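Derivation of every value follows stated rules applied to the coordinates shown; laboratory data play no part. Keep in mind the model is a prediction, meaning the values are calculated, not measured. FYI the Cβ positions are ideal-geometry reconstructions off the backbone, even for glycines, and counts take in every protein chain you see.
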Amino acid sequence: MNRATQKTSRLRQTRGSVSMEFLGTFLWVFVMVLVTWQGFLAMHALSQANTAARDAARAESVTPGTGPTQGAAAVSESLHSGTSVSCSPIAPDSAVSCTAEVEVPVLGMDWVAEMFPEWRVSRSATMPAEAGA
């Protein structure tokens, strides 16, 4: 076999290997992008739960009974359906504590979320009750 024939033979044996390497690398990059995106969604839900708990505790300490409504209103529109806020007095006329639970969206797609169990984050906040409230 001459050199030209050997070179052509080696090229035929490696044909498609670059495509396979690209697909393998692309798969890992795509998975890492999805994991990063899910992390951002979880942090957003956690931030929204924190805001809802603080706003609910503030409202409840000033006007009893308004905390859950104000807390739910503090959450962004996209997370309203999976949000629950509850408030309770710690001691009469002393302090109030509110807890907000927010459902974490899975990759921001409802059809994907149906394949995974529900994932919720929770935050609590305590505020002193306003005198005379």
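Below are the figures for this structure:
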read-out	value
Segment Thr63-Ser122, length gained on full extension (0.36 nm per residue, minus Cα span)	18.9 nm
Label-to-label distance, nm, for residues given as Ile90 and Phe22 (7 Å Cα→Cβ offset)	6.1
For Val104, residues with placed amide H under 5 Å, excluding near neighbours	Trp119, Arg120, Val121
Inter-probe distance in nm under a simple model that places probes 7 Å from Cα toward Cβ, at Met32 and Ala73	4.5
Exposure proxy order (Cβ contacts within 10 Å, fewest to most) of Asp55, Asp110, Asp93	Asp110, Asp93, Asp55
Computed over segment 3-128: relative contact order in percent, which uses C-alpha pairs under 8 Å that are six or more apart	25
Amide proton proximity set for Ala95, modelled H, under 5 Å, gap of 5+	Ile90, Ala129
Alpha carbon convex hull of segment 3-128, projected area averaged over orientations, nm²	10.8
